[in-house]
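Report on the structure given below.
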Amino acid sequence: MSSERKVVGILDKGFPSSSLGESNLGLIHCLYEIFDDSQIYPINKKKMFCETGRVFIKGGYSEIYDKFKNTVFLCNCNELDPYNLNLGELNYSKSEYSKYSTTSNKVSHIQPTQVVEILNIELPDANLPNFSYAIKPSTKLVILLDEGFLYGPFEYDIKFADNIDYTLTLRTRTTPQKGLPPYFIAKTEYKDLKENIIKIDKDSHKREYLVNLDEFVEFNHEKIDYISDSQIINKIGFNILKNSDLGRILTKNNLLLINSAARKMRDYSDNKSRYKRLSENLKSAIDWEASRESVISNFLEKTNFGKNEIENYIKNNEVCFFKNLRKDKFKEIEDDISRRTQRIDSLKEEIKFLHEKKQTTTLGSDESIESSNLDN
């Protein structure tokens, strides 16, 4: 038996149940081979591995499937002559015969930076870094391909939407990437890294992978600041507050004072573009305070989506909503009664005043007439 070989791959397919065991056998589609010097090359490029580019799973396919379904993983394998196995019951064509085999106890997770999947999608704005994608990425980190350029690396959050596509939300790496400052991504031409890229067809979808992430970053054409506005406010704005006498609460007054305090920060000269964006965001935040009530009211009252939001809120919070509504209505009625009562009291005082004035006027008139009669 030859020495062990180490490859990076993704599950290809399993074979139907047979006397060899239910869901026990299958194939791995190989992407790259890892050599003793830790260098990674596309399969069959540096040294011939197998013409089929596959590894035969001779035991534990279901375990591998449960753990690594649609995920790239590491596989240690040994040379095998498949003719020595009883494969007559399997739908296993001669063209699929692999020279190497493995079992479930010889597969493991790869390092996130070893292999990353390339997603063919336009680079989204850092303030709205989400998009729909037809397939779930098979690596923990991804790179985007947009008009001949690769951007990344990115971590991502994912959820299944509309039973059709996945929704991915990108974020820059939480673990510092060699050669990239925090919140920065690299931009590199696709054609410069074609030697490190491999393409496969998987479940009716085309997938692309890039190996050697450090090389991708090292040979970048440009470093792009991919920090969002909210991150600028949270990271830089609160850092200014923490290191000044302004306190740690973003009051309107503090927002006005942050710009002048920003120039005193030690990293100001190295991050002028970010501080400029911070200034613009703070101005927007101040302006927004004056207009947000109108914007929200117009959204809720004049758009179908806003009206649906109101209806859904009432439906899901009916008891609380109508309890508060009754409370507000009773308060409105009480206030109206109070106003009316005050108005009635005011009218009574006015009537009383007019009545007393009239009596005084009448009495004065009678006295004048009596005095005139006496004179005559």
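Bear in mind these aren't lab numbers, they're just calculated from the coordinates by the rules spelled out. All values derive from a computational prediction rather than experimental measurement. Note that we place each Cβ from the backbone using ideal geometry, even for glycine, and neighbour counts take in every protein chain shown.
Observations
- In this structure, the residue pairs whose Cα-Cα separation is over 23 Å, taken from Lys47/Lys199; Lys178/Lys276; Lys45/Lys67, are Lys178/Lys276; Lys45/Lys67.
- Cross-link pairs beyond the 19 Å C-alpha cut-off, checked among Lys69/Lys159; Lys106/Lys159; Lys136/Lys223: Lys106/Lys159; Lys136/Lys223
- Of Ser138, Ser338, Ser104, the sequence from fewest to most neighbouring Cβ atoms within 10 angstrom is Ser338, Ser104, Ser138.
- Three principal axis lengths of segment 103-165 [C-alpha, angstrom, descending]: 42, 30, 20
- With the convex hull drawn around the C-alpha atoms of segment 178-239, the volume per residue stands at 121 Å³.
- Nearest-0.05 FRET efficiency for Asp66 and Ile333, computed from C-beta distance (R0 51 Å): 0.20
- Summed side-chain charge close to Asp336 - residues other than Asp336 whose Cβ falls under 11 Å, Lys, Arg +1, Asp, Glu -1: +2
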